[in-house]
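A quick write-up on the structure given underneath.
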Amino acid sequence: MNQSDLETLWKFVRGDLAAPDFEAWLYAHKELDAALGNALYLELISANYRHHEDVFDIREKLRTSLQTPLKCECLPLSDLAVIPMGCDGLDQRFFASVEEVHACGPDLWWLHLSRCKVCGQNWMIAQEERIYDDYMLKRLTTEEARQIVENGKWPDDFLTYEKVLKVGQALSKACRFLDTMSFSLIDTIQDLKRSRPDITNAEMAALLGITIEHVNALAKVS
Ligand SMILES: [Zn+2]
(Lines give C-alpha, C1' and ligand atoms only; values in the text may rest on other atoms or scores of the structure.)
Protein backbone atom coordinates (compact mmCIF):
# COMPACT_ATOMS: atom_id res chain seq x y z
CA MET A 1 0.00 0.00 0.00
CA ASN A 2 1.36 3.45 -0.78
CA GLN A 3 1.93 6.05 1.96
CA SER A 4 -0.84 8.36 0.73
CA ASP A 5 -3.48 5.58 0.91
CA LEU A 6 -2.20 4.55 4.35
CA GLU A 7 -2.46 8.15 5.60
CA THR A 8 -6.03 8.50 4.28
CA LEU A 9 -7.12 5.23 5.91
CA TRP A 10 -5.68 6.36 9.26
CA LYS A 11 -7.25 9.80 8.88
CA PHE A 12 -10.64 8.08 8.67
CA VAL A 13 -9.87 5.67 11.54
CA ARG A 14 -8.90 8.45 13.96
CA GLY A 15 -11.92 10.58 13.00
CA ASP A 16 -10.12 13.33 11.07
CA LEU A 17 -11.90 12.34 7.81
CA ALA A 18 -15.72 12.22 7.76
CA ALA A 19 -17.45 8.96 6.80
CA PRO A 20 -19.12 10.24 3.56
CA ASP A 21 -15.79 11.65 2.33
CA PHE A 22 -14.08 8.36 3.13
CA GLU A 23 -16.77 6.40 1.29
CA ALA A 24 -16.31 8.53 -1.84
CA TRP A 25 -12.53 8.09 -1.63
CA LEU A 26 -12.91 4.33 -1.11
CA TYR A 27 -14.89 3.85 -4.34
CA ALA A 28 -12.21 5.71 -6.27
CA HIS A 29 -9.46 3.38 -4.93
CA LYS A 30 -10.41 -0.14 -5.99
CA GLU A 31 -6.75 -1.20 -5.81
CA LEU A 32 -7.21 -1.37 -2.01
CA ASP A 33 -8.81 -4.74 -2.59
CA ALA A 34 -5.32 -6.24 -2.95
CA ALA A 35 -3.64 -4.11 -0.27
CA LEU A 36 -6.22 -4.72 2.48
CA GLY A 37 -7.29 -8.24 1.55
CA ASN A 38 -10.54 -9.12 -0.15
CA ALA A 39 -12.54 -9.88 3.03
CA LEU A 40 -11.86 -6.53 4.70
CA TYR A 41 -12.27 -4.66 1.42
CA LEU A 42 -15.70 -6.23 0.89
CA GLU A 43 -16.73 -5.18 4.40
CA LEU A 44 -15.57 -1.65 3.71
CA ILE A 45 -17.48 -1.24 0.46
CA SER A 46 -20.65 -2.88 1.78
CA ALA A 47 -20.85 -0.84 5.04
CA ASN A 48 -23.53 1.80 5.48
CA TYR A 49 -21.59 5.01 6.03
CA ARG A 50 -24.69 6.86 7.22
CA HIS A 51 -25.09 4.37 10.05
CA HIS A 52 -23.15 5.34 13.19
CA GLU A 53 -22.59 1.75 14.42
CA ASP A 54 -21.39 0.53 11.01
CA VAL A 55 -18.90 3.40 10.86
CA PHE A 56 -17.67 2.61 14.38
CA ASP A 57 -17.22 -1.10 13.51
CA ILE A 58 -15.40 -0.33 10.29
CA ARG A 59 -13.08 2.11 12.05
CA GLU A 60 -12.18 -0.50 14.68
CA LYS A 61 -11.61 -3.27 12.11
CA LEU A 62 -9.38 -1.00 10.07
CA ARG A 63 -7.50 0.12 13.20
CA THR A 64 -6.73 -3.50 14.10
CA SER A 65 -5.68 -4.32 10.56
CA LEU A 66 -3.44 -1.25 10.14
CA GLN A 67 -1.83 -1.23 13.60
CA THR A 68 0.57 -4.17 13.28
CA PRO A 69 3.12 -2.89 10.73
CA LEU A 70 3.45 0.59 12.30
CA LYS A 71 6.98 1.66 13.22
CA CYS A 72 5.94 4.89 15.00
CA GLU A 73 2.89 6.29 16.78
CA CYS A 74 2.12 9.18 14.41
CA LEU A 75 -0.62 7.87 12.13
CA PRO A 76 -3.10 6.72 14.83
CA LEU A 77 -2.96 10.10 16.60
CA SER A 78 -5.61 12.69 15.74
CA ASP A 79 -4.57 15.95 14.08
CA LEU A 80 -5.14 17.58 17.48
CA ALA A 81 -4.27 15.08 20.20
CA VAL A 82 -3.33 14.76 23.85
CA ILE A 83 -0.77 12.29 25.23
CA PRO A 84 -0.68 11.83 29.02
CA MET A 85 2.71 12.06 30.74
CA GLY A 86 3.63 8.70 32.24
CA CYS A 87 0.26 6.96 32.38
CA ASP A 88 0.19 4.09 29.82
CA GLY A 89 3.61 4.55 28.20
CA LEU A 90 2.27 6.14 25.01
CA ASP A 91 4.51 9.17 25.66
CA GLN A 92 7.60 6.93 25.73
CA ARG A 93 6.58 5.13 22.55
CA PHE A 94 5.77 8.43 20.81
CA PHE A 95 9.02 10.16 21.82
CA ALA A 96 11.08 7.10 20.88
CA SER A 97 10.84 8.38 17.29
CA VAL A 98 9.82 12.04 17.72
CA GLU A 99 12.60 14.53 18.44
CA GLU A 100 12.59 18.27 19.13
CA VAL A 101 13.89 20.31 16.19
CA HIS A 102 13.00 23.86 17.27
CA ALA A 103 12.01 25.54 20.54
CA CYS A 104 9.90 28.68 20.64
CA GLY A 105 12.00 30.38 23.31
CA PRO A 106 11.80 31.37 26.99
CA ASP A 107 8.60 33.47 26.72
CA LEU A 108 6.61 30.49 25.39
CA TRP A 109 8.63 27.88 27.27
CA TRP A 110 5.98 25.17 26.79
CA LEU A 111 6.07 25.27 22.98
CA HIS A 112 8.28 23.43 20.50
CA LEU A 113 8.36 21.87 17.06
CA SER A 114 9.28 18.21 16.78
CA ARG A 115 9.66 15.73 13.95
CA CYS A 116 9.35 11.98 13.68
CA LYS A 117 12.57 10.44 12.41
CA VAL A 118 10.66 7.39 11.13
CA CYS A 119 7.82 8.89 9.06
CA GLY A 120 8.89 12.55 8.85
CA GLN A 121 5.66 13.90 10.41
CA ASN A 122 5.99 17.36 12.00
CA TRP A 123 4.27 18.01 15.32
CA MET A 124 3.76 21.23 17.24
CA ILE A 125 3.90 20.24 20.91
CA ALA A 126 2.88 22.08 24.07
CA GLN A 127 4.25 20.49 27.22
CA GLU A 128 1.66 21.12 29.95
CA GLU A 129 2.94 19.78 33.25
CA ARG A 130 1.12 22.04 35.69
CA ILE A 131 -2.59 21.30 35.41
CA TYR A 132 -3.20 18.39 33.02
CA ASP A 133 0.19 16.63 32.85
CA ASP A 134 -0.18 16.16 29.12
CA TYR A 135 1.59 16.78 25.87
CA MET A 136 -0.79 18.65 23.55
CA LEU A 137 -0.02 17.86 19.91
CA LYS A 138 -1.01 19.39 16.61
CA ARG A 139 -0.11 17.72 13.32
CA LEU A 140 1.65 20.20 11.02
CA THR A 141 2.26 20.24 7.29
CA THR A 142 5.81 20.52 5.95
CA GLU A 143 5.04 24.13 4.99
CA GLU A 144 3.81 25.02 8.49
CA ALA A 145 7.00 23.53 9.98
CA ARG A 146 9.11 25.48 7.48
CA GLN A 147 7.38 28.74 8.47
CA ILE A 148 8.28 28.08 12.10
CA VAL A 149 11.95 27.31 11.47
CA GLU A 150 12.61 29.99 8.84
CA ASN A 151 10.28 32.82 9.88
CA GLY A 152 9.40 32.11 13.51
CA LYS A 153 5.74 31.97 12.45
CA TRP A 154 3.90 29.51 14.70
CA PRO A 155 0.28 28.35 14.16
CA ASP A 156 -1.73 30.11 16.87
CA ASP A 157 -3.23 27.02 18.56
CA PHE A 158 -0.83 26.97 21.55
CA LEU A 159 0.43 30.55 21.55
CA THR A 160 -0.97 31.40 24.98
CA TYR A 161 -1.14 29.23 28.08
CA GLU A 162 -4.91 29.81 28.08
CA LYS A 163 -5.16 28.19 24.62
CA VAL A 164 -3.08 25.23 25.80
CA LEU A 165 -5.32 24.73 28.83
CA LYS A 166 -8.42 24.97 26.61
CA VAL A 167 -7.17 21.96 24.65
CA GLY A 168 -6.67 20.13 27.95
CA GLN A 169 -10.17 21.11 29.04
CA ALA A 170 -11.64 19.74 25.78
CA LEU A 171 -9.60 16.54 25.43
CA SER A 172 -8.29 15.63 28.88
CA LYS A 173 -8.93 15.84 32.60
CA ALA A 174 -7.27 18.23 35.06
CA CYS A 175 -5.16 16.73 37.86
CA ARG A 176 -6.49 16.77 41.40
CA PHE A 177 -4.25 18.70 43.77
CA LEU A 178 -3.60 17.40 47.27
CA ASP A 179 -1.90 20.72 48.04
CA THR A 180 -4.71 23.18 47.31
CA MET A 181 -2.24 26.09 47.33
CA SER A 182 0.19 24.38 44.96
CA PHE A 183 2.60 26.63 43.08
CA SER A 184 1.41 24.96 39.86
CA LEU A 185 -2.02 26.50 40.44
CA ILE A 186 -0.74 29.87 41.69
CA ASP A 187 1.78 30.28 38.84
CA THR A 188 -0.85 29.35 36.27
CA ILE A 189 -3.34 31.89 37.59
CA GLN A 190 -0.65 34.57 37.50
CA ASP A 191 0.26 33.66 33.90
CA LEU A 192 -3.38 33.66 32.77
CA LYS A 193 -3.98 37.08 34.37
CA ARG A 194 -0.78 38.53 32.93
CA SER A 195 -1.64 37.28 29.45
CA ARG A 196 -5.28 38.46 29.55
CA PRO A 197 -6.04 40.80 32.48
CA ASP A 198 -9.83 40.65 31.96
CA ILE A 199 -10.02 36.86 32.32
CA THR A 200 -12.64 36.05 34.99
CA ASN A 201 -12.20 33.76 37.98
CA ALA A 202 -15.00 31.58 36.57
CA GLU A 203 -13.08 31.14 33.31
CA MET A 204 -9.91 30.25 35.21
CA ALA A 205 -11.82 27.79 37.40
CA ALA A 206 -13.10 25.99 34.28
CA LEU A 207 -9.61 25.88 32.73
CA LEU A 208 -8.01 24.53 35.93
CA GLY A 209 -10.81 22.11 36.80
CA ILE A 210 -11.35 23.69 40.23
CA THR A 211 -14.11 25.74 41.90
CA ILE A 212 -14.45 29.52 41.71
CA GLU A 213 -13.99 29.68 45.51
CA HIS A 214 -10.67 27.87 45.08
CA VAL A 215 -9.60 30.39 42.42
CA ASN A 216 -10.60 33.26 44.74
CA ALA A 217 -8.38 31.81 47.49
CA LEU A 218 -5.46 31.34 45.08
CA ALA A 219 -5.90 34.86 43.68
CA LYS A 220 -5.54 36.30 47.20
CA VAL A 221 -2.09 34.79 47.71
CA SER A 222 -0.83 35.33 44.14
ZN1 LIG B 1 6.08 8.94 12.78
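None of L137, L159, L165 is closer than 17 Å to A81 by Cα and within 16 Å of the ligand (Cβ to nearest atom) except L137.
Of the residues L90, L42, only one is more than 21 Å from Q3 (Cα to Cα), without any contact (Cβ under 8 Å) to a residue 40 or more places away in the chain and within 14 Å of the ligand (Cβ to nearest atom); which? After ruling out the rest, the residue left standing is L90. Taking the criterion of being modelled with pLDDT of 95 or more, outside any strand (DSSP E or B) and under 24 Å from T188 (Cα atoms), the only residue of region 109-124 that qualifies is W110. Residues that are over 14 Å from L66 (Cβ atoms), of a type in the set (A, V, I, L, M, F, W, C) and in a helix (DSSP H, G or I) within region 18-43 comprise A19, A24, W25, L26, A34, A39, L42, listed in sequence order.
Number of residues in region 1-46 that are aliphatic (A, V, I, L, M), touching a Phe, Trp or Tyr at 6+ places or on another chain (Cβ under 7 Å) and closer than 24 Å to C119 by Cα equals 1.
Taken as a whole, the condition of being among the hydrophobic types (A, V, I, L, M, F, W, C), surrounded by fewer than 17 Cβ atoms within 10 Å (Cβ to Cβ) and in a loop (DSSP other than H, G, I, E, B) does not apply to V149.
Could you check, for region 99-108, whether at least one of its residues is part of a loop (DSSP other than H, G, I, E, B), over 16 Å from the mean Cα position of the chain (by Cα) and within 16 Å of the ligand (Cβ to nearest atom)? Looking through region 99-108, none of the residues is part of a loop (DSSP other than H, G, I, E, B), over 16 Å from the mean Cα position of the chain (by Cα) and within 16 Å of the ligand (Cβ to nearest atom).
When region 109-126 is filtered for residues that are more than 14 Å from the ligand (Cβ to nearest atom) and either without any contact (Cβ under 8 Å) to a residue 12 or more places away in the chain or among the charged types (D, E, K, R) (or both), only W109 remains. None of A206, A202 is closer than 14 Å to Y132 by Cα, modelled with pLDDT of 95 or more and assigned to a helix (DSSP H, G or I) except A206.
If I go through region 49-82 residue by residue, how many of them are of a type outside the set (K, R), within 20 Å of the chain's Cα centre (by Cα), within 16 Å of the ligand (Cβ to nearest atom) and not in a helix (DSSP H, G or I)? Residues in region 49-82 being of a type outside the set (K, R), within 20 Å of the chain's Cα centre (by Cα), within 16 Å of the ligand (Cβ to nearest atom) and not in a helix (DSSP H, G or I): 10 in total.
Going by the structure shown, is L77 among the aliphatic types (A, V, I, L, M) and in contact with a strand residue (DSSP E or B) (Cβ under 8 Å, 6 or more places away or on another chain)?
Here the answer is yes, as L77 does meet what is asked.
The values are calculated or read from the model by the stated rules, or taken from the named source; none is laboratory data. Here the structure is a predicted model, which means the values were calculated and not measured. All Cβ positions, glycine included, derive from the backbone under ideal geometry; neighbour counts span all protein chains shown.
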